[in-house]
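S.K.: Before we start, here is the structure in question, set down as structure tokens.
FYI, it's all coordinate maths here, none of it is from the lab. Source: prediction; values computed, not measured. Reconstructed Cβ throughout: ideal geometry from the backbone, glycine too, with neighbour counts over all protein chains shown.
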Amino acid sequence: MVQTKNAKKVLMIGLDASDPDLVERWMGDGSLPNLKRLRDKGAYGRLASPGEWLSAAPWVTFFTSAHPSQHGFYYPFGWRPSEMKHERPSQKWLPYTPFWWRFDHGGPRVIVIDVPHSYQPESLNGIEIRGWSTYETHDHSDSYPRSKYAWVRNTFGEMPRTNEKYEAFTIHESLLLRDKLIESTRQLTNLAEYMVHNEKWDFFLVAYAGPHRGGHKFWDSADLKGEPDQDGLDEFRESLHKIYIECDKSIGSIVNNMGENAEIMIFSLHGMGANTSRDEILPEMLGRILSNGKGKENDSNSKKILHRLRKNIPSTWRYEVKHRLPVILQDRLGLFWRMGDVNWQDTQAFCLIGDTQGFIRINLKGRESMGIVEPGDEYEKLILKITEGLFTYLDADTEEPIVQEIKQSRNIFPPGPSLDKLPDLIVKWSDMPANKHRQVISCRYGTIEWPTPGKNPDGRSGNHRGQGFLIASGAGFMPGSTIRNGHILDLAPTVLELLGIEKYPEMVGESLVQIPAI
């Protein structure tokens, strides 16, 4: 790796799951002045993202500049067909390499803070801190060098992140969460500011989690528990705006006094919108299709008991018990609730864990260790049966379809070594908010009761959308210009060009730099 003499410092700030519609609106009304100033000084554009089909894939796609079919990450719990179970990704069975790990000790020095889904590096030309203020509580808390995490805790406080409770909140609980998100943003800014001005670096990357968690909980008020008064409701509805404003203040603090030698990139890898996920009822929908309308009558007795038990135990109790356990037991318990007792010898297809789109995998012979569906004609007929069946489901009151589109991963992403790690079918739900449901009906498969009529079962009023954005300011970008046809795959090659490094051959994206260094 050769770094050219024209290389400059590159500062990247990720606003996780910030929605471009909101950013554009609030830059326009003056409430995000620091973003607006950087946008006027440089370039802005929306970015395409695999988040349109795989909501958790964007971060790994960004830092590898590779398609999901190449890196294989689609959710914090991936499917291991050899084990017939979900498992947290690890370098052992799902290896991938963030681009900054590849900088040798004669190249750029890096500082990276709270980037989701990055593994702990074994060697690095710089500092990486993981899982301190991130939203992704599946990520471990550690650092490189190993001693740095203890220094962060001792200097800037205990990690400010909190585990998500998948349930409706009262106004009081919601506003407490908003305050925690704002405070964690400030804590992260204190850490980032210190390291920007007191550590040596050429590439600096920090990710803010507040817009992500805030977008899930504050998108609208339909999922609130109880009857809030008007003042509380008004405050709730302004909460997401306040989180974005705090992030904008943080950006102003960090980029202040950076000098003319810095290239600044503010980005989001996917957006946010109303929660349309029907993931809670997808297993029932699929079960009825596979059993030709019999549904739960075809389930094992143990699975029926498990379903009733989960339904009757309050989610608050399940949460409190689960989060008192070691992480490995938390994983086992969570997966037990989600998957239950599966008779693989009688299971043609099953749902993978997800939270935005619906994921379905075929129990394919020769791929799954307990596969029963023959490749070829039997596989294709089953794919068609499931697809046609899912399109028959409608909202009971409006009779609108609840499925917008269904695609096979092989028809979305190019061939790659990890294509078989992805779901076979990905269900993109209709734009109707899922909390509008009372019942879902099918002319073939009958009626399915919505678990929480008028609300989302997971308490999330917002969920992911497929577009991100980039604001890029510095010598490499023309003031007031527009970035067209950008993709999050392009961000890593852009950084490399700004650092004076040739793009790695396996990277898919292309640099977005508008004014190459002479």
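S.K.: Can you give me the long-range amide H partners of Lys407? Hydrogens built in the peptide plane at 1.01 Å from N, cutoff under 5 Å, separation of 5 or more residues or another chain.
M.R.: Ile426, Lys428
S.K.: 222 nm [θ] for the chain, helices only, -39500 (n - 2.57) per DSSP H run of 4+, per residue, to 500? Numbers along the way, then the final one.
M.R.: On the way: 16 runs with 168 residues, N = 518.
When only DSSP H runs of four or more count, the value is -9500 deg cm²/dmol.
S.K.: Along Cα→Cβ, 7 Å out, is where each label goes; now give me the distance between the ones at Lys365 and Asp377 in nm to one decimal.
M.R.: Taking the simple label geometry, Lys365 and Asp377 are separated by 1.3 nm.
S.K.: For Leu352, list long-range residues whose amide hydrogen, built 1.01 Å from N in the peptide plane, is under 5 Å from its own amide hydrogen.
M.R.: Excluding prolines and chain starts, which carry no amide H, the hits are Phe359, Ile360, Arg361.
S.K.: Then there's this: Going through the cross-link list Lys92/Lys200; Lys85/Lys225; Lys85/Lys217; Lys165/Lys294; Lys180/Lys455; Lys92/Lys249, which pairs have a Cα-Cα distance over 28 Å in this structure?
M.R.: Working: Lys92/Lys200 32 Å; Lys85/Lys225 35 Å; Lys85/Lys217 30 Å; Lys165/Lys294 33 Å; Lys180/Lys455 24 Å; Lys92/Lys249 40 Å.
Long pairs (Cα-Cα over 28 Å): Lys92/Lys200; Lys85/Lys225; Lys85/Lys217; Lys165/Lys294; Lys92/Lys249.
S.K.: Also: Among (i) 0.97; (ii) 1.05; (iii) 1.33, which one is Rg/Rh (Cα atoms, Kirkwood Rh) computed from these coordinates?
M.R.: It is the value labelled (i).
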